[in-house]
Amino acid sequence: MLSSNDVARCERWFDENGLPYFVEQRHEAIQRALGGRVVALWSGIIAAVGAAAFVCGQLAGLDTFTALLVGVQVALLVAVVRGIVVFDVGAIAGWAAQHAWESRRLVRRAPLRLRGMVTRTLNREVRPRSPNAQME
């Protein structure tokens, strides 16, 4: 049986390795954030912010189409920020950036390795067969 200390260590490891969804509290928080009432509330907030941006654009002297574009862009920005917060994209992106930085040498050498593999494959297939080889 795992103690609460063991569970806390496991959850910390999941957080540090970009896997926040395996932490029970985070998973529950995401499920709550995706509930029907919460989604409806945030949809209303996003629509209100977009409408406010549209009105501000109109008051600033923008034509209707440009003000509408501003309103839609602001609403999309709010929706994206909300998604980043709900799904804890920061933890995942931090882990991905750390591992990309650590494996930069491997990535730098990847084109050379690929070229070597292609060259070896082509040399094997193009190499002339011996006259004793059976025909297929």
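Each value in this text was obtained by applying a stated rule to the coordinates, not by laboratory testing. Model, not experiment: these values are computed from the prediction. Backbone-built Cβ (ideal geometry, glycine too); neighbour counts: all protein chains shown.
Points to keep in mind about this one:
- Loop-located GluC sites (Glu not before Pro) in the stretch 1-56 whose Cβ has at most 16 other Cβ within 10 Å (DSSP): none
- Contour excess over end-to-end distance, with Cα ends at LEU62 and ASP6 and 0.36 nm allotted per residue: 14.3 nm
- Residue-span extension gain [ALA52 to LEU76] - 0.36 nm each, minus C-alpha spacing: 7.3 nm
- Radius of gyration and maximum dimension Dmax of the stretch 6-54, Cα, Å: 16.1, 52
- The convex hull of the Cα atoms of the stretch 18-99, projected and averaged over all directions, covers 6.7 nm².
- Note that the stretch 30-42 has calculated 3J(HN,Hα) couplings of 5, 4, 5, 5, 9, x, x, 5, 5, 5, 5, 4, 5 Hz, one per residue in order, obtained from phi through the Karplus relation 6.51 cos²θ - 1.76 cosθ + 1.60 (θ = phi - 60°); glycine and proline are x.
- Per-residue [θ]222 nm for the chain (sum of -39500 (n - 2.57) over DSSP H runs n ≥ 4, rounded to 500): -26500 deg cm²/dmol
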